[in-house]
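Report on the structure given below.
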Amino acid sequence: MVLVKGDTFKMGCTLEQSDCDNDEKPVHIVTLNDYRIGKYEITQEQWLYVMGNNPSHFENCDKCPVENITWKEAMDFTQKLSDMTQLNFRLPTESEWEFAARGGNIGEKSLYAGSDEIEEIAHGSGTNKTVGVGSKLPNVLGIYDMSGNVWEWCSDWYD
């Protein structure tokens with residue numbers, strides 16, 4: 001888990017972004033407290049250990065992210081992991097996820113929160129399969145795979 005220092009940020013489609021959807025507007029101010037977020041996506045191996053099955057379409061890749069799961073299954077995973085470890089795990093909120101994906105408010109400004117070259121930090125959609133977690137560079141907070149590979153679930157519905 002990576003500690004993300006809380007702060008205030010502009011959430012949504014900001015001026016430096018050019019390929020935004022309408023549901024990313026208007027930009028609004030959000031303030032977050034400190035929180036922790038996974039350094040890597042949950043792997044198929046981890047999911048199998050906690051849940052006892054592997055629902056992934058792209059199987060036979062223990063170090064690849066689990067995919068093909070519902071929001072409810074993701075919520076069940078965090079509850080079961082919390083019960084197993086006696087620690088409190090949960091999905092991030094949409095604002096927590098976006099803040100972490102952007103690299104928080106760290107001074108370095110790059111287009112993709114760690115690089116101006118998307119190929120250095122993200123897996124493209126043209127590959128038609130997932131790849132092992134952490135196989136690209138992390139963002140400036142040390143979090144891997146925040147762009148590309150698979151979509152992530154958040155605890156709240158986007159708004």
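Using every Cα-Cα pair within the stretch 70-109, state what percent have a distance larger than 13 Å.
Values: 482 of 780 pairs.
Beyond 13 Å sits 62 percent of the P(r) for the stretch 70-109.
Which semi-axes, in whole Å and largest first, does the equivalent ellipsoid of the stretch 16-109 have when worked out from the alpha carbon gyration tensor as the square roots of 5 times its eigenvalues? Walk me through the intermediate numbers first.
Values: eigenvalues 166, 60, 34 Å².
Rounded to whole Å, the semi-axes are 29, 17, 13.
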Max mean-square fluctuation residue, GNM over the chain, Cα-Cα springs under 10 Å, options GLY52, GLY38, GLY132
GLY52
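What part of the accessible area of the chain, given as a whole %, is carbon or sulfur when the probe is 1.4 angstrom?
Carbon and sulfur atoms account for 52 percent of the accessible area of the chain.
Helix-derived [θ] at 222 nm for the chain: sum -39500 (n - 2.57) over DSSP H runs of at least 4, divide by residue count, nearest 500? Let's see the in-between values first.
On the way: 4 runs with 35 residues, N = 159.
The helix contribution divided over the chain gives -6000 deg cm²/dmol.
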In the chain, which Cys residues have no partner Cys with a Cβ closer than 4.7 Å?
CYS154
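Among the GluC sites (Glu not before Pro) within the stretch 1-69, which fall in a DSSP loop and have no more than 16 other Cβ atoms within 10 Å of their own Cβ?
When the GluC sites (Glu not before Pro) of the stretch 1-69 are filtered for loop state and at most 16 Cβ neighbours within 10 Å, GLU16, GLU59 remain.
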Report which label in [x] -0.22, -0.28, -0.98; [y] -0.24, -0.30, -1.12; [z] -0.26, -0.33, -1.13 holds the value of log10 I(q)/I(0) by the Debye sum over Cα atoms at q = 0.08, 0.09, 0.17 Å⁻¹ derived from the coordinates of this structure.
[y]
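Rounded to the nearest 20 debye, what is the charge dipole size of the chain about its Cα centre when +1 sits on each Lys and Arg Cβ and -1 on each Asp and Glu Cβ? Kindly include the intermediate steps, with their values, before the conclusion.
Working: 13 positive and 27 negative charges, 83 e Å.
With Lys and Arg at +1 and Asp and Glu at -1, about 400 debye.
Apply 1/(1 + (r/R0)^6) to the Cβ-Cβ distance of MET75 and LEU3, taking R0 = 22 Å, and write down the FRET efficiency to the nearest 0.05. Before the final figure, lay out each step's value.
Working: r = 23 Å, r/R0 = 1.05.
Taking R0 as 22 Å, the efficiency between MET75 and LEU3 is 0.45.
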Please build a GNM for the chain, connecting alpha carbons under 10 Å apart, and tell me which residue among LYS25, LYS63, LYS39 fluctuates the most.
LYS25
Report the net charge of residues surrounding GLN17, where surrounding means a beta-carbon distance below 12 angstrom and charges are Lys +1, Arg +1, Asp -1, Glu -1.
-2
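The values are calculated or read from the model by the stated rules, or taken from the named source; none is laboratory data. What you are looking at is a predicted structure, and each value in this text was computed from that prediction instead of being measured. Methodologically, a virtual Cβ is constructed for each residue, glycine included, from the backbone with ideal geometry; neighbour enumeration extends over all protein chains shown. Side chains are part of the model used for accessible areas, which takes the heavy atoms of the whole protein and leaves out ligands, DNA and RNA. Shrake-Rupley method; radii C 1.70, N 1.55, O 1.52, S 1.80 Å.
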